[in-house]
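Q: After the structure tokens below, expect a handful of questions from me.
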Amino acid sequence: MGPDEKSSNSGNGRNEDRDSDSFSKEGLTMGIGCRVFLVDDNDSLQRISTERLNRLLYFHRKESLPQYAGKRVRCAMVFVEVAGRQVLSIRNADYFLLTFDDKGRIDKKE
């Protein structure tokens, strides 16, 4: 870049020349979010935070879901494209089973 050319980077670490549709839609910031759902026996969904799922998976001693004690529960982890807080599309979905012990914690034996 020559001395008379202006940089499109305004010093904020972002390149202002990028296609704005890839970062915003109608002025809203876009991104990828993760939603976690537990599916119970009657196919009802219970949404839990990814932080709570992590605490369960890493055997945090104070984290439990007593309503699932002694059960195997289906879990769906859904990655969504969002603008603001509005979901625009589903990008990917992963499914797995969680086995809970008699106290509602993830069973370490499984």
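The values are calculated or read from the model by the stated rules, or taken from the named source; none is laboratory data. Computed from a predicted model, the values in this text were never measured in an experiment. So basically every Cβ, Gly included, is an ideal-geometry build from the backbone, and we count neighbours across all protein chains shown.
Q: Confirm whether Ala76 is modelled with pLDDT of 95 or more and closer than 15 Å to Gly33 by Cα.
A: Yes, satisfied.
Q: Is at least one residue of the stretch 48-66 basic (Lys, Arg), touching a strand residue (DSSP E or B) at 6+ places or on another chain (Cβ under 7 Å) and within 26 Å of Lys109 (Cα to Cα)?
A: Checked against the condition, which is being basic (Lys, Arg), touching a strand residue (DSSP E or B) at 6+ places or on another chain (Cβ under 7 Å) and within 26 Å of Lys109 (Cα to Cα), the stretch 48-66 yields no hits at all.
Q: I've got another one for you. Among the residues of the stretch 38-78, which ones are surrounded by 14 or more Cβ atoms within 10 Å (Cβ to Cβ), within 20 Å of Asn92 (Cβ to Cβ) and either under 15 Å from the mean Cα position of the chain (by Cα) or among the basic types (Lys, Arg) (or both)?
A: Leu38, Ile48, Leu53, Arg74, Cys75, Ala76, Met77, Val78 - these are the residues of the stretch 38-78 that are surrounded by 14 or more Cβ atoms within 10 Å (Cβ to Cβ), within 20 Å of Asn92 (Cβ to Cβ) and either under 15 Å from the mean Cα position of the chain (by Cα) or among the basic types (Lys, Arg) (or both).
Q: Which residue, of Asn54, Asn42, is in a loop (DSSP other than H, G, I, E, B) and among the polar types (S, T, N, Q)?
A: On inspection, the qualifying residue turns out to be Asn42.
Q: Now a separate question. State all residues of the stretch 79-110 that are in contact with a helix residue (DSSP H, G or I) (Cβ under 8 Å, 6 or more places away or on another chain) and either in a strand (DSSP E or B) or exposed (fewer than 12 other Cβ atoms within 10 Å of the Cβ) (or both); if no residue qualifies, say none.
A: Hits for the stretch 79-110 are Leu98, Phe100, Lys103, Ile106.
Q: Can you confirm whether Val87 is closer than 17 Å to Arg47 by Cα and at pLDDT below 95?
A: yes
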